[in-house]
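A short write-up of the structure that comes next.
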Amino acid sequence: MLATITIAGTVTAQGPVVEGHADGRLTIADGLRRLTGWPVARALRSSLSALALAALALGAAPAPLRAETLLNVSYDPTRELYRAYNELFAKHWQDLGNAAPTLDTSHGGSGAQARAVIDGLAAHVVTLALASDIDKIAAAGLLPKDWQTKLPHNSSPYTSTIVFLVRDGNPKGISDWGDLVKDGVEVITPNPKTSGGARWNFLAAWAWAEANNRDPKDFVGQLYAHVPVLDSGARGATTTFAERGVGDVLLAWENEAYLALAELGEDKFDIVVPSVSVLAEPPVALVDANIKTDAERALATEYLSYLYSPEAQALAYKNFYRAWDASAADPADVARFPKLNLVTIDHFGGWAKAQPDYFGDGGIFDQIYVPK
């Protein structure tokens, strides 16, 4: 059973219930963590709204401030980032003289999340792994096609890249992409049909093959022959590798690899930085079609804009993302990131070309992947 719980003021988290407590609180599994809080009663919210209307009808004075609700539909590994950001933003919003907002966040594979929004999930903002996923939402008429010009840095408030997470001591001696196709090596990566991180993994492997005079289609095909299972999202792949013990190497978002070290123990895993990787730019956008009032628009606009503030950028660094503004960040959080040879999406013709060519129906992934 899925439940939404309140864990800090108006900040919520969602996940499957793993334990109920005598005082009425619930414990849910949210990615790599278990969280305990009070269940959010949606019906109660509606009842309170009805009571407020009745009070107005009886002549009661209206409340001076009205709390607004925001739904952020995000990709898999951002759970910890947006849990912390929601707390930071809620305080900022109230400091501006507003009532405490209710901030809900949904997580899943980036492609699957985009489809959910297109199919009716009423996101006020989306914070996804790929520009192409938000382009699909724009193509469905839910936001402007020029959405990526609305905020700085192509509407990407932070970046990441792809690294390898291996077992402690690196028993298979993995140092670069070529080692992933050696006999006896099992690779864990999610499904590029549903996961944005998986598409970055695919393109990073392709770029390495090109740079090393290997046939990229043949090499990436060999790589997927070493993949025993395709999870739907990056967090599911991390769980398969880190908690279920499947595989020798996880192709991971850099932030997800660092989180695994922090949450599960540095004595269990090592991070290996390949010679070639990609500059991953996870973008954000306001879903105009789902904004019903000026108050909702003000909240959603500020929610995205504040991601670029020094305080939020410091939080991104703390949560293992490569942010743009280090002015308020802990220097140790900034210094952890090694310099890398990063290929951009422009190398592949941009997402408008890469998405159909590599990941569309009948594209290169469909041509090379044989389900086990």
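Annotations for the structure displayed:
- Any hit, region 194-201, residues being open to solvent by 10 Å² or more (accessible area, probe 1.4 Å) and either within 24 Å of A129 (Cα to Cα) or in contact (Cβ under 8 Å) with a residue 12 or more places away in the chain (or both): yes
Residue by residue, here is whether (1) modelled with pLDDT of 95 or more; (2) open to solvent by 40 Å² or more (accessible area, probe 1.4 Å); (3) outside any strand (DSSP E or B) holds:
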| residue | (1), (2), (3) |
| --- | --- |
| A60 | no, yes, yes |
| P64 | no, yes, yes |
| K91 | yes, yes, yes |
| L103 | yes, no, no |
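- Members of region 355-372 found to be small (G, A, S) and open to solvent by 30 Å² or more (accessible area, probe 1.4 Å), listed by number: G362
- Selection within region 107-137: residues that are free of Cβ contacts under 8 Å to residues at least 60 places away in the same chain and more than 20 Å from P190 (Cβ to Cβ). The member of this set that is most open to solvent (accessible area, probe 1.4 Å) is D119.
- Residue check, A352 part of a loop (DSSP other than H, G, I, E, B), surrounded by fewer than 16 Cβ atoms within 10 Å (Cβ to Cβ) and not charged (D, E, K, R): no
- In the set (1) assigned to a loop (DSSP other than H, G, I, E, B); (2) modelled with pLDDT of 95 or more, T194 fails one condition alone, (2).
- Some residue of region 322-331 being crowded, with 16+ Cβ neighbours inside 10 Å and touching a Leu at 6+ places or on another chain (Cβ under 8 Å): no
The values are calculated or read from the model by the stated rules, or taken from the named source; none is laboratory data. Keep in mind the model is a prediction, meaning the values are calculated, not measured. As a convention, Cβ positions derive from the backbone with ideal geometry for all residues, glycine included, and neighbour counts pool all protein chains shown. Only protein heavy atoms, including side chains, enter the accessible area calculation; ligands, DNA and RNA are left aside. Shrake-Rupley method; radii C 1.70, N 1.55, O 1.52, S 1.80 Å.
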